[in-house]
Number of protein chains: 4
Amino acid sequence: MRFGIIGAGRIGKIHASNVAARKDCEVRLIADADRSAAQSLAEATGGRVAEIDAILASNEIDAVAICAPTDMHADLIEKAARAKKAIFCEKPVDLDANRVRACLEVVAATGAILMVGFNRRFDPNFASLQQRIRDGAIGAVEIVQITSRDPSPPPVSYISRSGGLFRDMMIHDFDMARFLLGEEPVAVSAMGSALVDKAIGEAGDVDTAVVILETKSGKVAQISNSRRATYGYDQRIEAHGSKGMLRADNIRETSVEFAGAQGFASDKVLNFFLERYAAAYRDELDAFVKAASAGVAPRPNGEDGLRANLLADAANLSWRTKQRVALG
Amino acid sequence: MRFGIIGAGRIGKIHASNVAARKDCEVRLIADADRSAAQSLAEATGGRVAEIDAILASNEIDAVAICAPTDMHADLIEKAARAKKAIFCEKPVDLDANRVRACLEVVAATGAILMVGFNRRFDPNFASLQQRIRDGAIGAVEIVQITSRDPSPPPVSYISRSGGLFRDMMIHDFDMARFLLGEEPVAVSAMGSALVDKAIGEAGDVDTAVVILETKSGKVAQISNSRRATYGYDQRIEAHGSKGMLRADNIRETSVEFAGAQGFASDKVLNFFLERYAAAYRDELDAFVKAASAGVAPRPNGEDGLRANLLADAANLSWRTKQRVALG
Amino acid sequence: MRFGIIGAGRIGKIHASNVAARKDCEVRLIADADRSAAQSLAEATGGRVAEIDAILASNEIDAVAICAPTDMHADLIEKAARAKKAIFCEKPVDLDANRVRACLEVVAATGAILMVGFNRRFDPNFASLQQRIRDGAIGAVEIVQITSRDPSPPPVSYISRSGGLFRDMMIHDFDMARFLLGEEPVAVSAMGSALVDKAIGEAGDVDTAVVILETKSGKVAQISNSRRATYGYDQRIEAHGSKGMLRADNIRETSVEFAGAQGFASDKVLNFFLERYAAAYRDELDAFVKAASAGVAPRPNGEDGLRANLLADAANLSWRTKQRVALG
Amino acid sequence: MRFGIIGAGRIGKIHASNVAARKDCEVRLIADADRSAAQSLAEATGGRVAEIDAILASNEIDAVAICAPTDMHADLIEKAARAKKAIFCEKPVDLDANRVRACLEVVAATGAILMVGFNRRFDPNFASLQQRIRDGAIGAVEIVQITSRDPSPPPVSYISRSGGLFRDMMIHDFDMARFLLGEEPVAVSAMGSALVDKAIGEAGDVDTAVVILETKSGKVAQISNSRRATYGYDQRIEAHGSKGMLRADNIRETSVEFAGAQGFASDKVLNFFLERYAAAYRDELDAFVKAASAGVAPRPNGEDGLRANLLADAANLSWRTKQRVALG
């Protein structure tokens, strides 16, 4: 499968190098507004620099990986769908749910393959946990608990164009909650505050937030987010059901433990998403390539992307209005 | 210190035997509607059977441990306060917050020593965690997570006179949240459902519930309850702050781990509150005896009891109305 | 069962208070060369002070707990056996194996009940591990690993009359190895050095030692001892077999874990044998009382005591001669 | 750096693919007696098939990775040294210590760079542990404990040409012991038996073995090996010193834990050396490339290889003679 990479930033590099490392795929063309970034990535992965339109028009491209800024995603998806490319797009499709809906209509009309990059579904630990739920290990799921904490907050300049914590950060957890609950949430209660950095609050956002999701049958998910964790990138999930509990813990930097006069000490957890989810990005790409090669619809798809957006919007509204928000 | 024990049931036995094991205390008189239960406990602890009024009137009694049914607590506290006894009362003071308020006025007017039995504050693990928060280990507390799950649900007959999950079971977690947050909650969002036993739902209660508490400064507590956990009595707390995180894990039955062809297996957690909180009950009594001997007010006091009641009432209302409830 | 306690030191106090806490036992008489120690323990446990001979001659005594200095053990066992008392004796029976043999002949001739205080067999964790081996959890045992480290070395004055590390400290591990191997060792290879305290080496002993035990069928035990561990009283065992592995870990002071910028930190292990083996001492006494009441021979018995002595002697010889020592 | 790979078997594939993944290295030529294996590896890594002599004579080769059968190692090292190639050679240099000595003389005479593949030194966990020892975390090292167990025994056909467990399997642990002790062992006590597979015993080898190493200053290492572990590839080390203890645990397949009515269950450890030491092989190659590029001598070097051989020989002798063996 011959890839065009649109966007040569941090996430574009991950996907491009994962493509390049596969025997059944290659990086052909790379586009970026910053041409030197595109050039550098092209050299590392064996591709060539090209304009976006050229990628979409090229006969030598089978699939595109959209790693451009969020506000370009929906347009690029539509163009790629019309150009009959298989599409891998970083989350979210768009910050505006209506724009997402319109985009998905184009995708549906063209019959394009579209996968949205909720990489955490492919983390080997989380994927194993979800598989065990599906295999019945804990019976009926009743309570899902998701804890996600970044090591440190992004600059306020990033915050102001991010769509806010619920759409930018917790959106991963909304997708994970849906992935684990196996039933759509029908109501959202959110609470948030700016405890880590006052400037984040002044920018109209929060850096600390908790959410309850409820499903129609009475299942519940609890989500907890913080933009800071002194001990590393805290990523844990737990699912409690009628027959037991499953949980996936963090990964430490090493397995070394020191014991001394102050007690026992072990390492911080892996520092951030590049380390923590390195395998997830590889396995995500693998799932995309397999689905696209077979011509079957991959998951998470555009609908999954939309659902996560709608939950983020509802959480945002719940936080602002201090009210529980029922979903359509 | 010479004790009168009022109530010779499961919890009365715990307190009586802890009193009897102390060198500085003794069990003198024991009352119970079931005279044979009182007699049996008297034999085990070296006390004598007596009527409640005789206990309250006796000159040989310094302190009473009120372990009678909940609906007798407030009356007994008032009588004991007027009789100048030091009072240890199992939680709650009453299910009705107004009755609690009236009772506490009597306590205040008489100057009586009153301690309310939120035993979990004295669990060595949780007490250590809270002490480290006070010592500044994690800086400012931001998110508290409390998970409490019983091994199996009580009979529906118990449920129907319990006051409901929020007042009967989660009340411990409301007290723990206050203990750890160090700031009063100002709003409650609750969600509950009957997933474990439909009969519990038909009785108008829930067996699965989650709650968010918010404080004025934007701190938050997440509480998760279930009336069932196949792996034992699940009791965990976690506190995340500006400088780090503290958590207290469950206690396993033994430290033995088996490794075999299916992987690694370790024991269930301690089965229920008698085993899990055995040390907590001892340390709780110790705190009461020390405070009463010194004539100083113990904690948790009647006000702590009232606050937990008010949070339980608010959670109950939030669950029923599907709305966030602001406090006072 | 009415007990006479011979020796009111640290270990005598443990056994006397465990006797006093049982409903089916009582402390009647207590002897100690230091009469005030005996008096103090008598007050705490409800007994009376008496001379040793009076205890042995008394009709009101069913069992004796011998907690006197080691060099008195064998004589006291013989006298108690002839006096038809059930006998619980702290380890070892004697430092000299021949003296032990002679003593056991008297025990056999009198038909006395004798239990030797290898308390670790009764630690709930180790007892559970051994039970699982007997239940076949790991198939045939192949390798046993025992790690025992004291928090800090005793004074050299103690060392010089202790019989040396192999007879004083590692003797517990020799008994544990036999308990877990289920087959008698036929050879011992020992290595030791004085790394913790040079004065221990100058006194002719070691403070750091490792031993290999071999059985006839080729099973092996590895033992590791140190007179120092900065992180607490390190007591771990591991058994590897044809079907899997079992291990029992240390017990931490609390279950609290702190996570911060330096990583994760948890508590030291329980400080020393009084805390670590509190339950073991209770369960050991329970086993003795049950066996003596039923008139059946308890384990560990005098033969177990002798076998551990012989292994300690062989290890001592192996260390001194730098040679593997085969056992009779 | 342009590599010639000699040997395209399991270990040759690892090194070749690690070379190919580096930006500063490339696989140029690959030799194997099985030409189709060489061809297949050449296609995967971008190299060409060649004869060994051609590799050694080629001007386009800077370094060779010797992954051929053990009995070819010493000859190949000598030829490569004379051909002025940087040499990475899988362990051991030869099963015969005298042959190793002769080979190292050639290496010394030619001034060649030689690194021997004790990959475990480069496992991130073990490397971190050793670095912390060097940084003084546990003060003076006193006791090292190494546990190495394979998931299942190799076929007897392999055993009979392996040199025996001590030279084939435990040799890694001898190197690790030296790496951690920081002082040369002066005596070895070994014990071994065939408990896993009788055919291994009939072939004159053992499948279960323990060893004690002693240094002049009285430090000690305990090593435990088994050719079977039902729960995966068991690889643990522990170092105890004057100021504390360091240990590196196994790595589980995932971090998922299940809790149910039977207790808690977690995954097996990573299955075998390819998974467990994947990072170690990468980091080992990195160390070799850096040293060879800088023209400095890498570690572990030929002397390290020889020392491990001598310890294996001594252990073998100790096992056969049932005697402690003093070294040189």
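The values are calculated or read from the model by the stated rules, or taken from the named source; none is laboratory data. Every value quoted in this text rests on a predicted model; they were computed, and no experiment measured them. Positions of Cβ are backbone-derived with ideal geometry, glycine not excepted, and every protein chain shown enters the neighbour counts.
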**Request:** Answer yes or no: is there a residue in segment A:246-256 that is of a type outside the set (S, T, N, Q), over 30 Å from residue C:251 (Cα atoms) and in the same structural domain as residue A:138 (by TED's automatic domain parsing).
**Result:** no
**Prompt:** Hey, does segment B:113-128 have a residue that's at pLDDT 95 or above, charged (D, E, K, R) and over 15 Å from the mean Cα position of the chain (by Cα)?
**Reply:** no
**Asked** Which ones in segment A:48-57 are under 19 Å from residue A:20 (Cα atoms) and over 26 Å from the mean Cα position of the chain (by Cα)?
**Response** A:48, A:49, A:50
**Top-ranked residue in segment A:132-182 [being over 19 Å from the mean Cα position of the chain (by Cα) and among the charged types (D, E, K, R); ranked as nearest to residue A:214 (Cα to Cα)]** = A:142
**Request:** Quick one: which residue in C:136, C:164 is in the same structural domain as residue C:268 (by TED's automatic domain parsing) and over 23 Å from residue C:94 (Cα atoms)?
**Result:** C:136
**Request:** Please go through segment D:295-328 and pick out each residue that is free of Cβ contacts under 8 Å to residues at least 40 places away in the same chain and hydroxyl-bearing (Ser, Thr, Tyr).
**Result:** D:321
**Request:** Return the residue satisfying two criteria in turn: it lies in segment C:195-227 and is out of contact with any Leu (no Cβ under 7 Å at 6 or more places or on another chain) and facing another protein chain (nearest Cβ under 7 Å), and of such residues it is surrounded by the most Cβ atoms within 10 Å (Cβ to Cβ).
**Result:** C:210
**Request:** Among the residues of segment A:260-276, write down those that are free of Cβ contacts under 8 Å to residues at least 24 places away in the same chain and aromatic (Phe, Trp, Tyr).
**Result:** A:264
**Prompt:** Is at least one residue of segment B:284-293 surrounded by fewer than 16 Cβ atoms within 10 Å (Cβ to Cβ), under 14 Å from the mean Cα position of the chain (by Cα) and not hydroxyl-bearing (Ser, Thr, Tyr)?
**Reply:** no
**Prompt:** Looking at (1) within 11 Å of chain C (Cβ to nearest Cβ); (2) of a type in the set (Ser, Thr, Tyr); (3) over 23 Å from the mean Cα position of the chain (by Cα), which is the one condition that is false for residue D:266?
**Reply:** (1)
**Prompt:** Only one of A:297, A:259 is among the hydrophobic types (A, V, I, L, M, F, W, C), more than 15 Å from the chain's Cα centre (by Cα) and not assigned by TED's automatic domain parsing to the domain that holds residue A:175; which?
**Reply:** A:297
**Fill in**
Taking first residues from segment B:241-259 that are more than 7 Å from every other protein chain (Cβ to nearest Cβ) and in contact (Cβ under 8 Å) with a residue 60 or more places away in the chain and second residues anywhere that are of a type outside the set (Val, Ile, Thr) and buried (at least 21 other Cβ atoms within 10 Å of the Cβ), the pairs with Cβ under 9 Å that are 6 or more apart or on different chains are B:241/B:142; B:242/A:195; B:242/B:142
**Message:** Can you tell me which condition residue C:116 does not meet? The list is (1) farther than 27 Å from residue C:207 by Cβ; (2) hydrophobic (A, V, I, L, M, F, W, C); (3) touching a strand residue (DSSP E or B) at 6+ places or on another chain (Cβ under 8 Å), and all the others hold.
**Reply:** (1)
**Asked** Out of segment A:66-98, which residues are of a type outside the set (Asp, Glu), over 16 Å from residue A:297 (Cα atoms) and touching a His at 6+ places or on another chain (Cβ under 9 Å)?
**Response** A:66, A:67, A:91, A:92, A:93
**Request:** Among what's in segment D:16-43 and is in contact (Cβ under 8 Å) with a residue 40 or more places away in the chain and within 15 Å of residue D:67 (Cα to Cα), pick the residue that is surrounded by the fewest Cβ atoms within 10 Å (Cβ to Cβ).
**Result:** D:18
**Item:** Matching entry among C:105, C:90 (being more than 30 Å from residue C:235 (Cβ to Cβ) and not assigned by TED's automatic domain parsing to the domain that holds residue C:170)
**Value:** C:105
**Message:** Residues that are at pLDDT 95 or above, under 16 Å from residue A:11 (Cα atoms) and not assigned by TED's automatic domain parsing to the domain that holds residue A:163: does segment A:47-60 have at least one?
**Reply:** no
**Asked** Can you pull out the residues in segment D:122-137 that are surrounded by 22 or more Cβ atoms within 10 Å (Cβ to Cβ) and out of contact with any Ser or Thr (no Cβ under 7 Å at 6 or more places or on another chain)?
**Response** D:123, D:126, D:129
**Output for segment D:193-215, where each listed residue is over 21 Å from the mean Cα position of the chain (by Cα) and assigned to a strand (DSSP E or B)** = D:193, D:214, D:215
